[in-house]
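Notes follow once the structure below has been shown.
The values are calculated or read from the model by the stated rules, or taken from the named source; none is laboratory data. Just so it is clear, the model here is predicted, and its values are computed rather than measured. All Cβ positions, even for glycine, are placed from backbone atoms using ideal geometry, and neighbour counts span all protein chains on display. Quick note on the areas: whole protein, heavy atoms, side chains included, nothing else; ligands and nucleic acids left out. Shrake-Rupley method; radii C 1.70, N 1.55, O 1.52, S 1.80 Å.
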Amino acid sequence: MAEILILAEHAGETVKKVTCELLTAARRFGEPAVVWTGPGAQAAQGSLAEFGAEKIYAADGPEFDDYVVAPKAELLAELAKQHSPAAVLVAGTAEGREVGARLAVKTGWGLLTDVIGFGDELTAEQVNFGGAINVRSRVRSGTPIIAVRPNAITPEAAAGPAVIEPVSFAVSDAAKQARVVERVVQERSARPELTEASIVVSGGRGVGSGENMALIEKLADSLGAAVGASRAVTDAGWYPHQFQVGQTGKTVSPQLYVAVGISGAIQHRAGMQTSKTIMVVNKDREAPIFELADFGVVGDLFKVVPQLVEEIAKRAG
Amino acid sequence: MNIVVCMKQVPDTGTERTLRASDSTLDRDAADALINEIDEYAIEEGLRLTEAHGGEVTILSMGPQRAIESIRKALSMGADKGVHLVDDALAGSDLLGTSAAIAQVLGRIGFDLVILGCESTDARTGVLAAMLAERLGVPQLSYAAKVEIDGTAVTIRRQADYGYDTVEATLPAVLSVVEKINEPRYPSFKGIMAGKKKPVEALSLADAGIEPELVGLAGAATEVLSFARRPARQAGTIVTDEGDGGSQAAEFLAARKFI
Ligand SMILES: Cc1cc2nc3c(=O)[nH]c(=O)nc-3n(C[C@H](O)[C@H](O)[C@H](O)COP(=O)(O)OP(=O)(O)OC[C@H]3O[C@@H](n4cnc5c(N)ncnc54)[C@H](O)[C@@H]3O)c2cc1C
Ligand SMILES: Nc1ncnc2c1ncn2[C@@H]1O[C@H](COP(=O)(O)O)[C@@H](O)[C@H]1O
């Protein structure tokens, strides 16, 4: 059986959930071979084995973190040349898509982005236009390069040997043109990561201030949820940008999305429309977000949310 | 500095978008067309950079005849000239075809800096900047929330999942911007009048020297097999808070087993 190359997304030694999702999808079509860049492959071996990795191509080296995207694409192109995989899977994150894009140019192979599932023979399901249209598509020339949206596939464990094969790879000068001189990591909380969370609670302009975002955090914590925000909130500096949900923020697809004090502009909807269940709290019955609501409360969030938090505590308690 | 802004005309997000039954491409005639929203930020950044450092802003757009209206709008904001890549053979191009065609034109007209939006509202692939950088062999400076230029040195703040990276490179380069970068200006009356007279060059595939096999539906490396409108969401339950809205919400969450 041919290999399926998977570019691992990881934070240091920690394997991101989307990598396990890619492994789960890949097992249907071939032998999953994970491409690991930078240090940490040894430590990650256990998690990758748990989700069925056959092999881990481990390319250690600082270049993969020190230069934007290009070194990873170069490595993938080289490994694809050596191993002739049946497909290359990347995470549908900004970085994953860009690696896929550069690989597509290098090889002339077709690239599909925003894939949420697979049919037979690597046909892909996509959603277009912020969730309005379902599309089934395929790559018809070359090896399919497929960017899979995080949280779209349920990860399922299945043991694999995850044999580590060290790869020594010299990144070319051409791939070292955009140099990272500083990396600022702002996301430091015990909450689940936004794109991976099964519940997301987002606050909008209606929350009124940065301090009041504590109310959103409280509700999120009572549900074990991630916190999100509308652009109105991140623009005002009430919450950091990496929590923005929407067209130019993150696309989320959780089991439950709770929108508090958010009007539901098209750009916000583009990032949350495919959530399985949507709950809304807004004082304006005419707010377009209610069109998406499975359950909506028309009311003042400063009354409704504290009562909801209290009820959840009671039921848990 | 010679800046080229890549601008895409897209259907108005406020109106309904559909795919054409005949060939599964976007039915662009069915909706009003506008400048892709984030591309207005790309144009604004181009204008600000030439205001600060001198030079010219050229708007490059690949698209059908009517894209000329959006090019004119960009010129009315203050850009200097337009290049419109327009040819029936381009219809249905996928990412590889689009990037090949645009890279070819960029190679012809020359540039110090190419500026794109980070993502279009219709395709939402957000990969063109990476593809152009790869094709042109220049630095990829994508997802920029901030740009500084000093001589030929460029520094950007690259927005990332975890926060941001500060990235450095040397011109020429490809830049893509996020909406945090600036606030686009509105065209003034004077700008609109001036915009009508600015030069726009229309290029066909042959004019640009683009090989027809690379583009269009026939040249696409990907294909749509079928599509369907997603079923509309079932109308939900909406209650008005009369003192027990929070409890009712909890009731709903419990019924759905979230708590
Ligand atoms: C290029 C571009 C990209 C964009 N990308 C994004 C994006 O990625 N994500 C995004 O979110 N937006 C994005 N936007 C912005 C978007 O158009 C909206 O401006 C934004 O989503 C509005 O945020 P909001 O719903 O929080 O604020 P508003 O639209 O102001 O809505 C606030 C809501 O709170 C309600 N409210 C007020 N007080 C209370 C109260 N006490 N109790 C209950 N309800 C209350 C109001 O009724 C109102 O409905 C983008 C815009 C552009 C131009
Ligand atoms: N047909 C086009 N003509 C010019 N620029 C384009 C075209 N398509 C995409 N772009 C640019 O590429 C960016 C990303 O678009 P996309 O890859 O479609 O999400 C846009 O914001 C534009 O700057």
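What is chain B's relative contact order, in percent, from Cα pairs under 8 angstrom and six or more apart in sequence?
This gives 23 percent for chain B.
Can you give me the solvent accessible area of A:D114 with a 1.4 Å probe, rounded to the nearest 10 Å²?
Per-residue accessible area (A:D114): approximately 40 Å².
Give the shape of the stretch B:83-160 as rounded, prolate or oblate, defined through the alpha-carbon gyration tensor: a ≥ b ≥ c are the square roots of its eigenvalues, a/c under 1.5 means rounded, and otherwise the shape is prolate if a/b is larger than b/c and oblate if not. Write down the numbers at each step before the final one.
On the way: a/c = 2.39, a/b = 1.48, b/c = 1.61.
Cα axes put the stretch B:83-160 in the oblate bin.
Where the accessible area of the stretch A:14-105 is counted over protein heavy atoms with a 1.4 Å probe, how much of it, in %, is carbon and sulfur?
C and S fraction of accessible area: 45 percent.
Let's test the formula: R0 of 41 Å, r as the Cβ-Cβ distance of A:A316 and B:A153. What FRET efficiency results, to the nearest 0.05?
The computed FRET efficiency comes out at 0.15.
Once both axes come from the Cα atoms, what is the angle between helix A:17-26 and the longest principal axis of chain A, in degrees from 0 to 90, rounded to 10?
50 degrees
Pick from A:G264, A:G237, A:G249: which residue has the top mean-square fluctuation in a GNM of chain A where Cα pairs under 10 Å get a spring?
Top of the fluctuation ranking is A:G237.
Would you mind getting the accessible area per residue of the stretch A:1-126, heavy atoms of the protein chains only, 1.4 Å probe, in Å²?
It amounts to 32 Å² per residue over the stretch A:1-126.
Taking springs between alpha-carbon atoms closer than 10 angstrom, which of A:V184, A:V227, A:V115 fluctuates most in the Gaussian network model of chain A?
Result: A:V184 has the largest fluctuation of those listed.
Any chance you could run the full-extension gain for A:M1 through A:S168? It's 0.36 nm times the residue separation minus the Cα-Cα distance, nm to one decimal.
57.6 nm
Which order do you get for B:V10, B:V239 if you rank them by accessible area with a 1.4 Å probe, largest at the top?
B:V239, B:V10
For chain A, which span is the longest to avoid every loop-located (per DSSP) member of GluC sites (Glu not before Pro) having at most 10 other Cβ atoms inside 10 Å? Could the numbers behind the result be given before it?
Numbers: sites that count: A:E211, A:E286.
Within chain A, the longest run free of exposed GluC sites (Glu not before Pro) spans A:1-210.
Using mean Cβ contacts within 10 Å as the protection proxy, how do A:160-167, A:33-40 order, highest first?
A:33-40, A:160-167
How large is the accessible surface per residue of the stretch B:60-113, computed with a 1.4 Å probe and reported in Å² as a whole number?
Value returned for the stretch B:60-113: 35 Å² of accessible area per residue.
Calculate the dipole size of chain B relative to its Cα centre from +1 charges on Lys and Arg beta carbons and -1 charges on Asp and Glu beta carbons; express the result in debye to the nearest 20. Present the calculation step by step, with values, prior to reporting the outcome.
Numbers: 26 positive and 38 negative charges, 60 e Å.
For this selection, approximately 300 debye.
Normalising by the residue count of the stretch A:1-144, find the relative contact order in percent from Cα pairs under 8 Å and 6+ residues apart.
It rounds to 22 percent for the stretch A:1-144.
Choose one answer from A:Q82, A:Q126, A:Q255: the residue with the largest mean-square fluctuation in a GNM of chain A with alpha-carbon springs under 10 Å.
Between A:Q82, A:Q126, A:Q255, it is A:Q82 that shows the largest mean-square fluctuation.
Kindly identify residues of the stretch A:158-194 having a loss of at least 50 Å² in accessible area between the isolated chain and the assembly of all protein chains, probe radius 1.4 Å.
Those residues are A:Q177, A:V181, A:E182, A:V184.
Which one, B:H53, B:L34, B:A130, projects farthest toward the positive side of the charge dipole computed for chain B from Cβ point charges (K/R +1, D/E -1)?
The one lying farthest along the dipole's positive direction is B:L34.
Can you tell me the orientation of helix B:67-77 relative to chain B, as the angle in degrees between its alpha-carbon axis and the longest Cα principal axis, to the nearest 10?
80 degrees
Computing the accessible area with a 1.4 Å probe over protein heavy atoms, can you report the carbon and sulfur percentage for the stretch B:141-259?
C and S atoms contribute 55 percent here.
Give me the distance in nm between label points sitting 7 Å out from Cα along the Cα-to-Cβ direction at A:E291 and B:T170, one decimal.
Taking the simple label geometry, A:E291 and B:T170 are separated by 5.2 nm.
Quick one: pull the percentage of alpha-carbon pairs in chain A with a separation above 30 Å.
Working: 19391 of 50086 pairs.
Summing the P(r) of chain A above 30 Å gives 39 percent of all pairs.
Between B:E201 and B:D80, what is the spin-label point distance in nm, taking each point 7 Å from the Cα along the Cα→C-beta axis?
Between B:E201 and B:D80, the simple spin-label model gives 1.3 nm.
May I ask you to list the trypsin sites (Lys or Arg not before Pro) in the stretch A:165-269 that are in a DSSP loop and have at most 10 other Cβ atoms within 10 Å of their Cβ?
Values: sites: A:K176, A:R179, A:R183, A:R188, A:R205, A:K218, A:R231, A:K250, A:R269; in loops: A:K176, A:R188.
Listed in order of number, the matching sites are A:R188.
Compute, for the stretch A:93-140, the length of the dipole vector about the Cα centre, with Cβ point charges of +1 (Lys, Arg) and -1 (Asp, Glu) only. Units Debye, rounded to 20.
That gives a dipole near 220 debye.
If you line up the long axis of helix B:95-109 against the longest principal axis of chain B, both from Cα atoms, how many degrees apart are they, to the nearest 10?
In chain B, helix B:95-109 runs at an angle near 30 degrees to the longest axis.
Relative contact order for the stretch A:104-241: what is it in percent, counting Cα pairs under 8 Å that are at least 6 residues apart? Walk me through the numbers on the way to the answer.
Values: 166 pairs, mean separation 23.5, N = 138.
Here the relative contact order equals 17 percent.
Any idea which of B:T121, B:T240, B:P172 is furthest toward the positive side of the dipole for the protein assembly as shown, if Lys and Arg beta-carbons carry +1 and Asp and Glu beta-carbons -1?
B:T240
Using the beta-carbon distance between A:K276 and A:D235 and R0 = 30 Å, what value does 1/(1 + (r/R0)^6) give for FRET efficiency, to the nearest 0.05?
Computed FRET efficiency for A:K276 and A:D235: 0.60.
Suppose we compare each residue of the stretch A:90-127 in its chain alone and in the full protein complex with a 1.4 Å probe; which ones drop by at least 30 Å² of accessible area?
A:A94, A:R97, A:E98, A:A101, A:R102, A:V105, A:L111, A:T113
Answer with one residue from A:L122, A:S137, A:I153: the one whose Cα lies farthest towards the positive end of the charge dipole of the stretch A:46-160, charges on Cβ with Lys, Arg +1 and Asp, Glu -1.
The listed residue farthest towards the positive side: A:S137.
Provide the buried accessible surface between chains B and A in square angstrom, both chains summed, 1.4 Å probe, rounded to the nearest 100.
Accessible area lost upon association: around 7400 Å².
Give me the base-10 log of I(q)/I(0) for the protein assembly as shown at each q in 0.09, 0.11, 0.12 Å⁻¹, Debye formula, one uniform scatterer per Cα, rounded to two decimals.
-0.69, -1.05, -1.24
Excluding ligands, DNA and RNA, what is the solvent-accessible area per residue of the stretch A:159-284 at a probe of 1.4 Å, expressed in Å²?
Values: 5040 Å² over 126 residues.
The answer is 40 Å² per residue.
Tell me the label-point distance for the pair B:A91, A:A214, using the 7 Å Cα-to-Cβ offset, in nm and rounded to one decimal.
Computed distance between label sites B:A91 and A:A214 equals 6.0 nm.
Take the Cβ-Cβ distance between B:I192 and A:Q82 as r, set R0 to 60 Å, and report the resulting FRET efficiency rounded to the nearest 0.05. Numbers along the way, then the final one.
On the way: r = 57 Å, r/R0 = 0.95.
My answer for the efficiency is 0.60.
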